[in-house]
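The values are calculated or read from the model by the stated rules, or taken from the named source; none is laboratory data. Values in this document were obtained by computation on a predicted structure and should not be read as measured data. Methodologically, a virtual Cβ is constructed for each residue, glycine included, from the backbone with ideal geometry; neighbour enumeration extends over all protein chains shown.
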Amino acid sequence: VGDTDMAQQLGCMELDEEDLALCSFVCVGKNDYGPVLRNVLSQIEREG
């Protein structure tokens, strides 16, 4: 969480919140991954 360099290497720039909806749905811990992705994408945008 918060490692934008690793997120970019893993391909987060190709995703949006809706792409992670199924992950959130099947997660036993009921984590919502969409907002986490949005935070990372926003941070990448701010950093330039």
Suppose the filter is assigned to a loop (DSSP other than H, G, I, E, B), loosely packed, with under 10 Cβ neighbours inside 10 Å and at pLDDT 95 or above; does Val28 pass it?
yes
Val40 fails exactly one of (1) surrounded by 15 or more Cβ atoms within 10 Å (Cβ to Cβ); (2) at positive phi, namely (2)
Checked segment 3-17 for anything farther than 9 Å from Val40 by Cα and in a helix (DSSP H, G or I); matches are Asp5, Met6, Gln8, Gln9, Met13, Glu14, Glu17
Sole miss for Glu47 among (1) surrounded by 10 or more Cβ atoms within 10 Å (Cβ to Cβ); (2) in contact with a Ser or Thr (Cβ under 8 Å, 6 or more places away or on another chain); (3) not aliphatic (A, V, I, L, M) is condition (1)
